[in-house]
Amino acid sequence: MTTKDQERAILAKIEKLINEAGPDSYIATTFDGILEQAAENIANDWGCNYKEAYEKQTEKLNEAQKDIKALVSQNDDLKEQMKTITGALEAAQDKIKEYQHRIDDVRTEKNETTSKLMHAMEANEAQKAEIVTLKAKLYDLMTQ
């Protein structure tokens, strides 16, 4: 087993090789951040690595994508339900308008009937008054 000092020495050699390749090299790009992670691992007795972190993040991303697909599907289902409910609501509103028109027609008819009834009652009262008058005249004629 290598000691921390031996690992630091190996890390320094690797860093030197990467620096020789140049900051814009493919090697430097690939190892960006890895040397720092290795130094932290040595200093803190950690076993963190970018590959494992990348794989875990990829798993999380895949799970998130599955969740998103499920939510999109659920959202589509809810949109369909909303269309159905909206259609039912519009049909109910149309029925309400139809009933309101019927109510208005019944009110108009009631008002007309009430008006005719009032005229008939007035005519009836006038006829009653005329009958009383005629009875009085008849009585006068009979008693003379």
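The values are calculated or read from the model by the stated rules, or taken from the named source; none is laboratory data. Remember, it's a predicted structure, so these values are computed and weren't measured experimentally. Every residue, glycine as well, gets a Cβ built from its backbone with ideal geometry; the counts of neighbours run over all protein chains shown.
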Inset, instruction - Kindly indicate whether any position in the range 8-16 is among the small types (G, A, S), part of a helix (DSSP H, G or I) and modelled with pLDDT under 95. - result: no
Legend entry - Long-range neighbours under 6 Å by Cβ, at least six apart or interchain, first residue aromatic (F, W, Y) within the range 7-35, second in a helix (DSSP H, G or I): F31/I18
Inset, instruction - Evaluate the range 62-76: report whether one residue or more is within 30 Å of Q37 (Cβ to Cβ) and polar (S, T, N, Q). - result: yes
Legend entry - Qualifying residue in the range 123-143 (condition: more than 30 Å from A38 (Cα to Cα), of a type in the set (S, T, N, Q) and loosely packed, with under 10 Cβ neighbours inside 10 Å): yes
Inset, instruction - Please state which of the following conditions N62 fails to meet, knowing it meets all the rest: (1) more than 49 Å from the chain's Cα centre (by Cα); (2) in a helix (DSSP H, G or I). - result: (1)
Inset, instruction - State whether the residues of the range 44-60 include one that is without any contact (Cβ under 8 Å) to a residue 60 or more places away in the chain and over 30 Å from E15 (Cβ atoms). - result: yes
